[in-house]
């Protein structure tokens, strides 16, 4: 009902403001009626003359997160892919109050209790807009009845085993008997939490100026702050690099290990599919690295890009005149990309001594977890280049030579 009303409202307003509307239906495939829902959406949008995109998603790989959480994650990923300025969602005041209660019952912090914003701008993705957030479910139902709109109810909305449905059908009707204004008061509380969350973000941004550089966090900066302020900065750092928010217990453990472990300790804290590690007084956060084949070898035949599974990335070969690796010298033998096996040496400058790769990696402060996974470029059996670290002196391109630079992205 909510989405049908929103579509009707936007389609009536679009000509006045010269909006270009399109619609998106995410087909989760959970319900036996999912195909019929997609057909209904197609017919509805055809009547309004609004283009419709139907995105089919597979929930199976994410089922461990729970059906609701998995479906939401896939929906928002679909929203982020849309070629538009705004994605308008039909959340309303009842949804907002339910979300706040659910967050509080889960022990959420200030940011979680802020619930859903009216407008959420996101870098590299359309902004999320919730134009009905101030309307009650009854307001929307009255509009639908007055305009004789038709809609389909998801049968799962009646299932009280879902926490939101339990609140909606059993807890909130009871609450309304004593607190009839619960929608507006809980929405107001969510707004207070949102303001407090904004202030905490501003404080974290100030602390991050000196503490966060090149995607890493200075441990000494954390240690200098009070415990609540250090946790606030650590949460901000994780959010800024796109990491999921750890649970409160995980965040406490993470902060303790980062700040209190011995200077030479190998700190690695896992949370979900991510890891936080410490090296040279700085914290690094990244998706957990998968296992890799130590004997992996990849020939290079002049391609501009190659996959590099050991670091879940890609190698780019950038043509540069008078810099990088001499292309002429690479023609002397087959060129391959390999991983460390131990005992490698390389002379980084004409007048420098030959160095062990172990020493070079330490000097360039390459974090230990990357050292075994870095691509090494060989010409025949000679080590030519360690990506991002050094090029062997005998293979460096001269001022007028065609060269290639090896980049890991």
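When a/c reaches 1.5 or more, the comparison of a/b and b/c decides; with that in mind, is the range 297-408 rounded, prolate or oblate per its Cα gyration tensor? It comes out oblate by the Cα gyration axes.
So how much slack lies between residue 40 and residue 82, counting 0.36 nm per residue of separation and subtracting their Cα-Cα distance, in nm?
Between residue 40 and residue 82, full extension yields 13.0 nm more.
This ranking places 31, 18 by how few other beta-carbon atoms lie within 10 Å of each, fewest first, which gives 18, 31.
Taking a ≥ b ≥ c as the square roots of the Cα gyration tensor eigenvalues, with a/c under 1.5 meaning rounded and otherwise prolate when a/b beats b/c, else oblate, which class fits the range 214-287? Rounded is the answer for the range 214-287, as its axis ratio a/c remains below 1.5.
Our estimate of slack between residue 169 and residue 292, defined as 0.36 nm per intervening residue step minus the Cα-Cα distance, is 39.3 nm.
For residue 31 and residue 177, what is the calculated FRET efficiency with R₀ set at 22 Å and r taken between the beta-carbons, to the nearest 0.05? Let's see the in-between values first.
Numbers: r = 33 Å, r/R0 = 1.50.
My answer for the efficiency is 0.10.
Given axes a ≥ b ≥ c from the Cα gyration tensor, I'd like to know whether the range 2-182 is rounded (a/c under 1.5), prolate (a/b larger than b/c) or oblate. Verdict is rounded for the range 2-182. For residue 14 and residue 59, the difference between the fully extended length at 0.36 nm per residue and the C-alpha to C-alpha distance is 12.8 nm. Ranked by how many other Cβ atoms sit within 10 Å of their own Cβ, fewest first, the residues 363, 55 fall in the order 363, 55. Extending 7 Å from the Cα toward the beta-carbon at both residue 148 and residue 191 defines two label points whose distance is 3.7 nm.
The orientation-averaged projection of the convex hull spanning the C-alpha atoms of the chain amounts to 26.9 square nanometres.
The fewest-to-most ranking of 25, 213 by surrounding Cβ atoms within 10 Å reads 213, 25.
The numbers here are math on the coordinates, done by the rules we state, and not lab data. Every value quoted in this text rests on a predicted model; they were computed, and no experiment measured them. Heads up, the Cβs are rebuilt from the backbone with ideal geometry, glycines too, and the neighbour counts pull from every protein chain shown.
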